[in-house]
Amino acid sequence: MGDESGGKKKKLFILLIAAFLLVAGGGGAAALALSSGGGGDNPEAKEVPAQLPGNPAPGAPEILYLNIKKPFVIQLPTKPRHRMMQVKMQITVNSQENLDLVTLHEPLIKNAISEVLYKYQTQPDIYNQIEGRREVKAACLKEVQEAMLKETGKPVVEKVLFTDFVMQ
């Protein structure tokens, strides 16, 4: 019995070493192929910088976010009992100047959003469907842009995003 377990251990050890060499050899070959430029001898080939995740594409507009920290909480009159809805939002703008403007006028923006949410309060079923939430977001965007246009002379806001949406 002692010979069998010793033989099994040797076989297992040899298999582990073989697997390690196979993986290491494959990784080394891949690294060599990638570092040599794929083996092509094209002198006209130019290295194209990779687009890093999280970085905007060249020429893409700048996008900045204003996080409205306090969520909007609304009571919805549904039957047989009332329900509560909580929405967290962010506002997108396309420049630091516009971000400064929306930060300065955040109370105005919150008021415009509150008015829209309360307007739709009488239609609680609208929040149950994605199309309905899109309609509410579009109405929020329109009201915010109109309020900012009156206050600053330009619409400033690009999008209104619902970043957290809970109904109970």
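The values are calculated or read from the model by the stated rules, or taken from the named source; none is laboratory data. Predicted model, so just to flag it, every value in this text is computed and none were measured. Methodologically, a virtual Cβ is constructed for each residue, glycine included, from the backbone with ideal geometry; neighbour enumeration extends over all protein chains shown.
Values as computed for the structure displayed
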| read-out | value |
| --- | --- |
| Selection from segment 107-155 of residues that are touching a Leu at 6+ places or on another chain (Cβ under 6 Å) and outside any helix (DSSP H, G or I) | PRO155 |
| Qualifying residue in segment 152-159 (condition: in contact with a helix residue (DSSP H, G or I) (Cβ under 8 Å, 6 or more places away or on another chain) and over 26 Å from ALA60 (Cα atoms)) | no |
| Search result, residues across segment 127-157 that are surrounded by 17 or more Cβ atoms within 10 Å (Cβ to Cβ) and within 16 Å of LEU99 (Cβ to Cβ) | VAL144, GLN145, MET148, VAL156, VAL157 |
| Pairs with Cβ under 9 Å, 6+ apart, first in segment 97-126 and exposed (fewer than 13 other Cβ atoms within 10 Å of the Cβ), second of a type in the set (Ser, Thr, Tyr) and in a loop (DSSP other than H, G, I, E, B) | ASP125/THR78 |
| Set VAL93, VAL87: member being of a type in the set (A, V, I, L, M, F, W, C), surrounded by 20 or more Cβ atoms within 10 Å (Cβ to Cβ) and at pLDDT 95 or above | VAL93 |
| Residue within segment 120-132 that is assigned by TED's automatic domain parsing to the domain that holds ILE91 and either more than 24 Å from LYS79 (Cβ to Cβ) or of a type in the set (Lys, Arg) (or both) present | no |
| For PRO49: the one exception among (1) under 32 Å from the mean Cα position of the chain (by Cα); (2) farther than 15 Å from VAL144 by Cβ; (3) at pLDDT 80 or above | (3) |
